[in-house]
Each structure stands twice: as structure tokens, then as C-alpha cells.
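Undergrad: This is the structure I want to talk about, given as C-alpha cells.
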Amino acid sequence: MLKKLLITLPIATAIVYLLAVAPLVQADENSLQALMEGEFALQEGRFDEAAKAYVGASSNSNDPLLAERAARVALLSKDPDLSSQALSRWLKVAPEAAGARQMQAVLALREGRADDAVKALSGLLSDDETDSWRFALQALAGERKSSVIGEVMAQLVASDAVPTAIEPMLGFGGLAQSLELKSVAETMALRVTERHPQLPRPWLWRAQIERQHGKDEAARASLQHALDLPDADISLRLSAAAMLDEFGETLAAAELLETGEQNDATLAGRAAYLARANATDALEALYVELQEGETPLPSARILLLGQLSELRKQPADALRWYRQISDPETVDQARLRIAIVLEESGDLDAALASLREYQHSDSENGAALVNA
């Protein structure tokens with residue numbers, strides 16, 4: 001029964017799509033047959049056949065949706081001639097479509113035509129449509145292995161093509177960073193802080209770039225600038241704390257996380273940094289703090305209390321906390337910690353018995369824990 005269902009699902013999907021687009025195709029039998037052949041070939045992973053059929057059906061229709069689908073299927077086939085033919089049809093029926101202009105950039109990148117790629121991407125980046133820059137970024141990210149990706153991105157930066165809003169600047173710069181385009185990433189890091197000096201996140205990203213490129217003194221200055229600005233959210237404080245720890249300022253990292261709104265991530269980060277800094281008194285204070293607030297305590301908080309008890313060399317307290325946990329998301333880790341605490345306390349038999357008991361429980365991971 002299941003096998004039949006799995007076989008019929010792609011067919012059902014194809015039929016739903018065909019019912020939706022068939023009225024849009026000019027009513028001749030050949031076009032409709034080509035559309036059906038293309039959709040079924042696509043569902044079965046025969047991309048070359050699907051592309052040929054779809055491009056054929058699209059050539060007899062003025063529907064932009066069909067032209068778009070034909071073009072995207074042609075991209076899957078990786079046939080440059082079919083892709084070019086499908087793109088030409090899409091541009092003819094929908095010349096302003098951002099997706100069609102994105103495909104122009106994709107094909108140019110794929111074929112190593114740097115100037116054409118820059119032209120297509122610049123058009124998207126300068127478009128008045130709010131999200132057109134995303135199409136450009138997606139094209140670059142999708143073709144990151146292109147032989148001309150570095151040249152194209154360098155040209156876009158040199159011509160100031162990247163929009164100056166915070167999201168596209170960070171998005172473009174982040175892609176350059178992931179592609180290890182050092183010069184492009186550094187330029188974008190400088191520009192985003194010049195354009196948005198009042199926001200902490202651009203300064204933090206600049207600090208990360210400078211740190212990555214071995215400019216520690218500049219990175220420290222940029223990091224401090226970020227921390228001096230208001231509106232540092234939890235995500236930013238976590239990233240900044242990690243950088244402080246890299247610089248050897250582990251206690252400062254814990255103190256940074258202590259400020260502002262708290263959640264499980266900041267509390268866990270504080271515990272980790274305080275433990276690394278051997279800040280015994282601060283760990284005791286955190287242990288007390290974790291027991292206050294909402295009731296009942298969430299399982300992640302109880303797990304952290306157990307871990308702090310281990311750090312405080314209080315195995316009985318650790319076991320007491322771990323044994324309170326039943327949440328499926330944390331119970332496996334708690335059970336493993338129980339066994340470890342028992343073993344470290346010199347009671348190997350109890351540790352093994354605990355794991356055997358869990359192995360026969362309802363948990364799917366019981367056997368894995370015993371093997372661990």
C-alpha cells in the first residue's frame with residue numbers, strides 16, 4: 001500500500017500542476033501533449049527530456065508562468081542551448097521579470113561571461129523593487145563555483161552597485177567572506193560601517209573580518225565600537241562574547257552576557273566562560289540565579305544546573321537535577337550525565353544499571369546511550 005502511495009504522489013503532483021496551467025496553453029493538442037510529457041519527465045528526474053518538452057510547450061504560449069517554469073527546468077538540464085532558448089522566451093513574454101534577469105546572470109556566471117554577469121546583476125541591484133537585490137545575491141551564491149565569481153563581485157563593489165541598505169550590504173559582504181574574497185570583504189566591511197555607523201552589527205562584522213585577516217588591533221577597536229553602541233541584542237552579544245574569548249578576555253565575555261536580556265543561550269554561555277576563567281564565586285552566584293524566576297524551571301535550565309553542580313564538585317546535586325528531566329529534547333543528555341556522574345563517583349555498577357534501565361525505556365536513543 002505504501003509503495004503504491006509513493007509511486008502515485010509524483011503523478012498526483014504532476015496532474016495538479018497540469019490542471020492549473022493547461023488552460024493557459026493555446027489549445028492545440030501538440031502543446032498540451034508536450035506539457036504533459038515535460039511534467040511527467042520532470043517528476044521522474046529526466047531533466048533533459050523535461051526541458052525539451054517544456055521549452056516546446058512554452059514556445060506556443062504567451063503565459064509568463066509557463067515560460068518561467070520552462071526556463072527553470074532548462075536550468076536543471078544544464079543544456080546551455082535549451083537554457084538560452086527558454087530564457088529568450090521568458091524575456092519576450094515578461095521582459096521586466098526579476099527572475100528572468102536573474103537567470104541571465106546565472107547563465108553568464110555559469111559560462112564564464114563576466115561582463116554580461118556584471119551587467120545583469122547591476123540591473124537587479126539598481127532595480128526599484130525592494131527585494132530585487134536578493135535575486136542578485138541568490139544568483140551569485142548559487143554559482144559560487146563560477147570561474148569568474150571573484151572578478152564579478154570585485155567589479156560590482158568597484159562600481160558601487162551594491163545597495164546601501166543594511167541587509168544587502170551585509171548579505172553581499174557575508175557572501176564575499178564565505179568565498180574568501182579578502183579584498184571584497186574588507187571593502188564591504190569598511191563601507192557598511194561608514195554607511196551605518198550608528199548600528200552595532202556592522203561594527204561587529206567588521207571586527208570579525210579584521211580578526212579573520214589577522215588585524216587584531218583593528219578588530220579590537222571595531223568590537224569595542226560595536227559594544228559602545230546601544231541596542232545590542234542577544235545574538236550580537238553572543239557573537240561579541242565569542243570574540244572576546246578568542247582575544248583571551250574570557251571573564252569579560254561572561255560579564256558581557258550578564259548584561260541585558262537573558263535566555264538559555266546567554267546563561268549557558270556565561271557558565272562556560274566562567275568555568276573557563278575559574279571564576280568560582282561568579283559560578284556560585286550564577287547557580288543561585290538559575291534557580292530563580294519562572295516555575296517550573298525549563299528542562300534546559302535544569303540541565304545547566306546539573307552541569308554547574310558537576311563543576312562545583314557536587315555530584316549529589318547534579319544527580320538530583322538530572323533526574324528531574326523528562327523532556328525528550330534533553331533527557332538523553334541528562335541520562336548520559338547521570339551515568340557519568342555515577343561512574344566518576346566510583347559506582348560503576350550503578351552507572352551501567354542506569355544505562356540498561358534507559359535502554360529498555362521508551363526512548364529511541366536508549367541503545368545508543370549504552371553503546372556510548
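Undergrad: Show me the GluC sites (Glu not before Pro) within region 122-195 that DSSP assigns to loop and that have at most 14 other Cβ atoms within 10 Å of their Cβ. Write out the running numbers ahead of the final one.
TA: Working: sites: Glu129, Glu143, Glu151, Glu180, Glu186, Glu194; in loops: Glu129, Glu143, Glu180.
Answer in residue order: Glu129, Glu180.
Undergrad: Another one. Solvent-accessible area per residue for the chain at a 1.4 Å probe radius, Å²?
TA: 53 Å²
Undergrad: Between Glu261 and Lys92, how many nm apart are label points set 7 Å from Cα along the C-beta direction?
TA: 5.3 nm
Undergrad: Kindly sort Arg134, Arg276 by accessible area of their heavy atoms, largest first, with the probe set to 1.4 Å.
TA: Numbers: Arg134 90, Arg276 140 Å².
Per-residue accessible area, sorted high to low, gives Arg276, Arg134.
Undergrad: So, one more: Would you list Asp233, Asp349 from the most to the least accessible area, probe 1.4 Å? Mind showing how you got there, number by number?
TA: Details: Asp233 75, Asp349 120 Å².
Ranking Asp233, Asp349 by accessible area, largest first, yields Asp349, Asp233.
Undergrad: Return the FRET efficiency for the residue pair Thr130, Glu294: r is the Cβ-Cβ distance, R0 is 45 Å, and the value is rounded to the nearest 0.05.
TA: Details: r = 40 Å, r/R0 = 0.88.
The pair Thr130/Glu294 has a calculated efficiency of 0.70.
Undergrad: Then there is this: Which angle between 0 and 90 degrees, to the nearest 10, do you get for helix 331-344 versus the longest principal axis of the chain when only C-alpha atoms count?
TA: Between helix and principal axis, roughly 40 degrees.
Undergrad: Using alpha carbons only, how many degrees (0 to 90, rounded to 10) separate the axis of helix 280-290 from the longest principal axis of the chain?
TA: 70 degrees
Undergrad: Kindly provide the GluC sites (Glu not before Pro) of region 256-312 that DSSP labels as loop, not H, G, I, E or B, and whose Cβ sees at most 16 other Cβ atoms within 10 Å.
TA: Listed in order of number, the matching sites are Glu261, Glu292, Glu294.
Undergrad: Ignoring ligands, DNA and RNA, please state the percent of accessible area on the chain from carbon and sulfur, probe 1.4 Å. Working shown, then result.
TA: Values: 10370 of 19820 Å².
Here it works out to 52 percent.
Undergrad: Lysine pairs in the chain with alpha-carbon atoms under 26 Å apart, 8 or more places apart or on different chains: how many are there?
TA: 10
Undergrad: To continue, here is another question. How far is helix 132-142 tilted off the main Cα axis of the chain, in degrees rounded to 10, range 0 to 90?
TA: With both axes taken from Cα atoms, the answer is about 80 degrees.
Undergrad: Just subtract the alpha-carbon distance of Phe247 and His213 from 0.36 nm times their residue separation and send over the number in nm, one decimal. Before the final figure, lay out each step's value.
TA: Numbers: separation 34, 0.36 × 34 = 12.24 nm, distance 1.43 nm.
This chain segment gains 10.8 nm when fully extended.
Undergrad: Evaluate E = 1/(1 + (r/R0)^6) for Ser59 and Ser183, where r is the Cβ-Cβ distance and R0 equals 41 Å; express this FRET efficiency to the nearest 0.05. Don't skip to the answer; put the middle values down first.
TA: Details: r = 44 Å, r/R0 = 1.08.
Plugging the Cβ-Cβ distance into 1/(1 + (r/R0)^6) gives 0.40.
Undergrad: With every protein chain left in place and a probe of 1.4 Å, what is the accessible surface of Trp90, to the nearest 10 Å²?
TA: In the full protein context, Trp90 sits at about 10 Å².
Undergrad: I've got another one for you. Once you have the Cα-Cα distance between Asp347 and Glu194, take 0.36 nm times their residue separation minus that, and quote the gain in nm to one decimal. Don't skip to the end; give the middle numbers.
TA: Values: separation 153, 0.36 × 153 = 55.08 nm, distance 6.13 nm.
Difference between extended and current length: 49.0 nm.
Undergrad: Here is a follow-up. Convex hull over the Cα atoms of region 129-207, averaged projected area in nm²?
TA: On the way: hull surface 19.8 nm².
Result: a mean projected hull area of 4.9 nm².
Undergrad: How much net charge surrounds Tyr273 when only the other residues with a Cβ under 11 Å from the Cβ of Tyr273 are counted, with Lys and Arg +1 and Asp and Glu -1?
TA: On the way: positive: Arg270, Arg276; negative: Asp245, Glu249, Glu255, Glu258.
Net local charge, Tyr273 excluded: -2.
Undergrad: Under the √(5λ) rule applied to the eigenvalues of the Cα gyration tensor, what semi-axes describe the equivalent ellipsoid of region 174-257? Give them in Å, descending.
TA: Rounded to whole Å, the semi-axes are 20, 15, 10.
Undergrad: Using a 1.4 angstrom probe with every protein chain in place, what is the largest-first accessible-area order of Asp160, Asp131, Asp327? All intermediate terms of the calculation are to be shown ahead of the outcome.
TA: Values: Asp160 105, Asp131 75, Asp327 50 Å².
Ranked list, largest accessible area first: Asp160, Asp131, Asp327.
Undergrad: Apply the Kirkwood formula to region 206-343: the hydrodynamic radius equals the inverse of the mean of 1/r over all pairs of different alpha-carbon atoms; give it in Å with one decimal. Kindly include the intermediate steps, with their values, before the conclusion.
TA: Numbers: mean 1/r = 0.0616 Å⁻¹.
The answer is 16.2 Å.
Undergrad: I've got another one for you. Report the full-extension gain for the segment Leu311 to Gln33: residue separation times 0.36 nm, less the Cα-Cα distance, to one decimal in nm. Each step should come with its number before you reach the end.
TA: On the way: separation 278, 0.36 × 278 = 100.08 nm, distance 7.04 nm.
Result: 93.0 nm gained on full extension.
Undergrad: Express in Å², to the nearest 10, the accessible area of Tyr358 obtained by rolling a 1.4 Å probe over the protein heavy atoms while all chains stay in place.
TA: Rounded to the nearest 10, that gives 10 Å².
Undergrad: Let me know the Kirkwood hydrodynamic radius for the chain, please, with Cα pairs as the basis and the value in Å to one decimal.
TA: For the chain, inverting the mean 1/r across all distinct Cα pairs yields 25.6 Å.
Undergrad: Let me know the shape class of region 311-352, please: from the alpha-carbon gyration tensor, a ≥ b ≥ c as square roots of the eigenvalues, rounded when a/c is under 1.5, otherwise prolate if a/b is greater than b/c, or oblate.
TA: Working: a/c = 2.39, a/b = 1.40, b/c = 1.71.
Because a/c hits 1.5 or more and a/b fails to exceed b/c, region 311-352 counts as oblate.
The values are calculated or read from the model by the stated rules, or taken from the named source; none is laboratory data. Keep in mind the model is a prediction, meaning the values are calculated, not measured. For neighbour counting, all protein chains shown are included, and Cβ atoms are generated from backbone atoms with ideal geometry for every residue, glycine included. Protein only, heavy atoms only, side chains kept; ligands, DNA and RNA dropped before computing areas. Shrake-Rupley method; radii C 1.70, N 1.55, O 1.52, S 1.80 Å.
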